[in-house]
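The values are calculated or read from the model by the stated rules, or taken from the named source; none is laboratory data. As the structure is a computational prediction, the values presented were derived from the model and not from experiment. All Cβ positions, glycine included, derive from the backbone under ideal geometry; neighbour counts span all protein chains shown.
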Amino acid sequence: MSIASKPTAIIHGKIILSDQILEGKTLLIADGKIKAIDQIDSINKNEYDCVDARQKFITPGLIDLHIHGCLHHTFNEADESAFQTILSKTLSCGVTTLQPTLVSAAIPQLCRSLDFIATWKKAQTIGMSQITGAYLESPYISPAANGAIPASTLRIPDDGSIEELLEIPDALSMLMIAPELPGAINSIKKITAKGIIAALGHSMAIEKEIIPAIDAGASHVTHLWSAMSSVVRHGPWRQPGLLEVALTNPSLTAEIIADNRHLPPTLMKLAVQSKKGSLCAVSDALNGAGLPEGSHFTVGDQIYEVADGVGMVPDRSCFAGSTTLLNREIPVLIEKVGLSIPDAIRMVTEIPSRIIHIDQETGSIKSGLSADLVIFNDDFTPVRVFQKGITVYSVN
Ligand SMILES: [Zn+2]
């Protein structure tokens, strides 16, 4: 890690803004913030530390809202070396900020994990991905849509346990809940009253069970198509499920796992076209991420395998999280979904920053925002990563 003594000028890069790619300009950084984008000739090179981007892409630091872990470790572990392993690996992939995601477990274990996250968040320094509060894939989900979440941990929201989780100060940033469960609507009111985002997911709800949840403040939907209801017929009448409500309701932001495994390109295109600027891509990476094909990893007492570039349950009947870290989803969004480079980058930077309300701090290349930046090769492997204007990772 090099400490910036004077302002930095990144020259000769392709600067990816929200709506265009700028070439032949210089990106100026001072006091940890993005200062300006300038004509290359107008800077006095003696006043700046110059970084030559060699015609590579310069993007905002990536933001992964849904990631459980990698390299055999998860955020459930509440362990310093586990966090260091995960957050160093994600930083080397260009992820400067992430929402550590907990998979449902027994309440005392979740409380311990949330306490650990709150403590880590306060003490964190640059040099690893910065964490926001936790995203809890909670116990309050439908047993018919638990996916890879251990069924033994499931609960209903009105059994008094959610209060214990919500009481831990400064720990949660997002909590996922199935709106059809007893007490869910009241719980969503409590969640949002605490400033925590209520996300809907792992749910078999039909539209009339979902609308009250939105009215109560739910604003996000977890991994579209994965573990959620879609249209069913009750007699002759079609009832939209969570999927169709998520795709059409402008009050809801949403996420897709764009690993080209969980969703084929046509479904990713449908999501992008339906949700426009309110859809982000997430890794949903589990502890199998970063491991070679054929490796085994465990979630609770379940053993899963890395197979065909994704986590699989043993009978291969469903996926068990992804093994793709966020930077590897950018080529999928460009090549398979057909997005422009700026639109693909927005889905892993600006849009997630807006979903969790940190867009005034990070997520775009705009003057005044934190200089969290990545210089990427054409295939979106990082060459250099900056946090607050300081180089925290570089190749060679
Ligand atoms: Zn999930």
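Before we move on, is LEU243 touching a Ser or Thr at 6+ places or on another chain (Cβ under 7 Å), within 16 Å of the ligand (Cβ to nearest atom), closer than 28 Å to GLY277 by Cβ and not in a strand (DSSP E or B)?
Yes: the conditions hold for LEU243.
Just for segment 337-371: of the residues that are of a type in the set (D, E, K, R) and more than 16 Å from the chain's Cα centre (by Cα), which one is surrounded by the fewest Cβ atoms within 10 Å (Cβ to Cβ)?
GLU361
Return the residues of segment 298-317 that are of a type in the set (A, V, I, L, M, F, W, C) and under 21 Å from the mean Cα position of the chain (by Cα); say none if nothing qualifies.
Listed by number, the residues that qualify are VAL299, VAL306, VAL310, MET312.
In segment 138-186, what residues are part of a helix (DSSP H, G or I), touching a residue at least 40 places away in the same chain (Cβ under 8 Å), of a type in the set (A, V, I, L, M, F, W, C) and crowded, with 16+ Cβ neighbours inside 10 Å?
ALA145, LEU165, ALA184
Taking helices (runs of 4 or more DSSP H) that fall entirely within segment 290-359, which contain at least 1 residues that are touching a residue at least 40 places away in the same chain (Cβ under 8 Å) and on the phi > 0 side of the Ramachandran plot?
none
Have a look at ASP19, ASP31, ASP52, ASP64 and point out the one that is surrounded by fewer than 14 Cβ atoms within 10 Å (Cβ to Cβ), under 27 Å from LYS89 (Cβ atoms) and of a type in the set (D, E, K, R).
Result of the check over ASP19, ASP31, ASP52, ASP64: ASP52.
Given the structure, is VAL374 touching a residue at least 40 places away in the same chain (Cβ under 8 Å), aliphatic (A, V, I, L, M) and more than 16 Å from the ligand (Cβ to nearest atom)?
When the stated conditions are applied, VAL374 passes them.
In segment 377-396, how many are under 21 Å from ALA281 (Cα atoms) and either in a loop (DSSP other than H, G, I, E, B) or not assigned by the TED database to the domain that holds VAL51 (or both)?
So the count comes out to 5.
Give the residue that is nearest to PRO143 (Cα to Cα), with candidates limited to residues of segment 83-106 that are in a strand (DSSP E or B) and hydrophobic (A, V, I, L, M, F, W, C).
By that ranking, first place goes to VAL103.
Quick check: anything in segment 130-137 in a helix (DSSP H, G or I), assigned by the TED database to the domain that holds ILE67 and either surrounded by 20 or more Cβ atoms within 10 Å (Cβ to Cβ) or among the aliphatic types (A, V, I, L, M) (or both)?
no
How many residues does segment 246-275 contain that are within 16 Å of the ligand (Cβ to nearest atom), touching a His at 6+ places or on another chain (Cβ under 8 Å) and not in a strand (DSSP E or B)?
Qualifying residue count, segment 246-275: 1.
Within segment 49-80, take every residue that is aliphatic (A, V, I, L, M) and touching a residue at least 40 places away in the same chain (Cβ under 8 Å) and give me the one that is farthest from the ligand (Cβ to nearest atom).
VAL51
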